[in-house]
Amino acid sequence: MHPTLKLKPKEGRRARAGAPWIFSNEVQMDGAAKALPAGCIVNVAGDDGTPLGTGYFNAKSLISVRLLDPASDTVIGTGFFVRRLERALAIRTALYAKPFYRLIHAEGDGLPGLTIDRFADTLVAQITTAGMERLLDPLLAAIEKAIQPVNVILRNDTPSRALEGLDTYVRSAKGDAARIAVEENGLRYFADVAAGQKTGWYYDQRDNRAFMATLAGGRSVLDTYCYTGGFGIAAAKSGAAETVCLDSSEPALAIASESAAANGVSCKFVKADVFEELERLAAAKESFDIVIADPPPFVRARKDLEPGAKAYRKLARLAAAVVAPRGFLFLASCSHNIALERFAAECAAGISRSGRSAALIRQAGAGADHPVHPMLPETAYLKALVYALD
Ligand code: SAH
């Protein structure tokens, strides 16, 4: 039924083992393959004819095929999406009492090219591949069957869509929403799902925010790269003696201060460049019992590894310098393109260069609503390290 795409001899080792990606150098890129429209559904077979499943193909992308199902000729329609959504929903309802979570985490939920964050009745979807873009209609029909949300917002404005030959746009597929409430760890925050970063909220740090909040009682806290206040407000609510939150984004800080008020806590929100402000604080000999640094990705592409690694080291050095004696330091990286070992090594080097000694007390990733495909360990992008400094 679907056209068959053949792999080159001996290629497809990872796909045969169950990984959902096939790279362009593994495919027999003949005239017929090149003529397939970007994102069309194909069956994939090894050179020896071994069927590898149903997926979508884009000759222009480095990852040529993303497999959707291990069987060949699987119909990728509303029924397929309903099955995937129901599976994802079953995991989330087992994890969380309230409907605030990442509902679909791409390959981790068997739907490459798609993330959906759920804020009760509002779903915010982000599509990053031509294959998933072509499947928008059955996806929306399945969302209606499985979930019936009031609002469905398409935040298809990630620059990475260009790699797949896609344009960028934001629109509502159902209802409409901008400023909405988020409930997390017993707190109430706000997010802007129409204009905020990514889908408006970073659910991946939920457990890490809760952990840092357990340390916060009676301590002073500096939340750098605070965005809409996820860490800082949780720390303040847990009884932090003082909370200062830094970000360069005015709209993010405006939402953060509304969220602080909604939770009955007072935090100081400062618009600043984090590197500059950390240097200024160190020069002024100011320090905090807890310093949190959750920056944007410093290693956006593989070629940025060395400069990005250096930036993580510098951040660790500058942040460690403003941690009070016997304080705690939280350092995170959301870059896919730096491995945990390298990130941890850069953090260790930075802390040491600031003249501090430290014990690593916690190593974590994203919350359980961000499942990792077991054959794609590189999709475990978030690394979060907590150090106790001397
Ligand atoms: N910790 C946040 C998420 C951080 S996202 C949370 O828990 O939700 C990264 C943030 O870094 C964004 O809000 C962005 O505005 C901010 N940012 C990026 N570069 C910055 C810089 N040089 N100085 C200050 N903030 C910066």
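The values are calculated or read from the model by the stated rules, or taken from the named source; none is laboratory data. Remember, predicted model here, so these are calculated numbers, not experimental data. Every residue, glycine as well, gets a Cβ built from its backbone with ideal geometry; the counts of neighbours run over all protein chains shown.
In table form, for the structure just shown:
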| read-out | value |
| --- | --- |
| Among residues of the range 2-51, those that are part of a loop (DSSP other than H, G, I, E, B), among the basic types (Lys, Arg) and modelled with pLDDT of 95 or more, counted | 1 |
| Single match in Ala97, Ala59 (criterion: in a loop (DSSP other than H, G, I, E, B), loosely packed, with under 14 Cβ neighbours inside 10 Å and not basic (Lys, Arg)) | Ala97 |
| Qualifying position, being at positive phi, aromatic (Phe, Trp, Tyr) and within 13 Å of the ligand (Cβ to nearest atom), among Tyr189, Tyr227 | Tyr227 |
| Selection from the range 81-91 of residues that are touching a residue at least 60 places away in the same chain (Cβ under 8 Å) and either surrounded by 20 or more Cβ atoms within 10 Å (Cβ to Cβ) or among the aliphatic types (A, V, I, L, M) (or both) | Phe81, Val82, Leu85, Ile91 |
| Residue in the range 63-84 that is at pLDDT 95 or above, out of contact with any Leu (no Cβ under 9 Å at 6 or more places or on another chain), of a type in the set (Asp, Glu) and under 26 Å from Ala368 (Cα atoms) present | yes |
| Residue within the range 280-295 that is among the hydrophobic types (A, V, I, L, M, F, W, C), modelled with pLDDT of 95 or more, touching a strand residue (DSSP E or B) at 6+ places or on another chain (Cβ under 6 Å) and surrounded by fewer than 21 Cβ atoms within 10 Å (Cβ to Cβ) present | no |
| Exclusive hit being over 24 Å from Ala195 (Cα atoms), within 13 Å of the ligand (Cβ to nearest atom) and more than 20 Å from the chain's Cα centre (by Cα), set Phe275, Phe288 | Phe275 |
| Residue within the range 62-79 that is outside any helix (DSSP H, G or I), crowded, with 18+ Cβ neighbours inside 10 Å and out of contact with any strand residue (DSSP E or B) (no Cβ under 6 Å at 6 or more places or on another chain) present | no |
| Hits in the range 349-382 - residues which are in contact (Cβ under 8 Å) with a residue 12 or more places away in the chain and part of a helix (DSSP H, G or I) | Ala349, Gly350, Ile351, Arg353, Glu378, Thr379 |
| Subset of the range 42-54 (residues that are surrounded by 17 or more Cβ atoms within 10 Å (Cβ to Cβ), touching a residue at least 40 places away in the same chain (Cβ under 8 Å) and either farther than 19 Å from Leu136 by Cβ or out of contact with any Asp or Glu (no Cβ under 8 Å at 6 or more places or on another chain) (or both)) | Val42, Asn43, Val44, Ala45, Gly46, Leu52 |
| Filter result (within 23 Å of Gly55 (Cα to Cα) and modelled with pLDDT under 95) within the range 125-161 | Ser160 |
| Residue match in the range 318-333 (condition: away from the ligand (no atom under 16 Å from the Cβ), at pLDDT 95 or above and within 21 Å of the chain's Cα centre (by Cα)) | no |
| Ala240 part of a helix (DSSP H, G or I), surrounded by 18 or more Cβ atoms within 10 Å (Cβ to Cβ) and either more than 9 Å from the ligand (Cβ to nearest atom) or basic (Lys, Arg) (or both) | no |
| Subset of the range 195-207 [more than 9 Å from the ligand (Cβ to nearest atom) and surrounded by fewer than 18 Cβ atoms within 10 Å (Cβ to Cβ)] | Ala195, Asp207 |
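Every residue, every condition in (1) away from the ligand (no atom under 13 Å from the Cβ); (2) surrounded by fewer than 17 Cβ atoms within 10 Å (Cβ to Cβ); (3) of a type in the set (A, V, I, L, M, F, W, C); (4) assigned to a loop (DSSP other than H, G, I, E, B), yes or no:
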site: Ala236; (1), (2), (3), (4): yes, no, yes, no
site: Pro251; (1), (2), (3), (4): no, yes, no, no
site: Gly264; (1), (2), (3), (4): yes, yes, no, yes
site: Val270; (1), (2), (3), (4): no, yes, yes, no
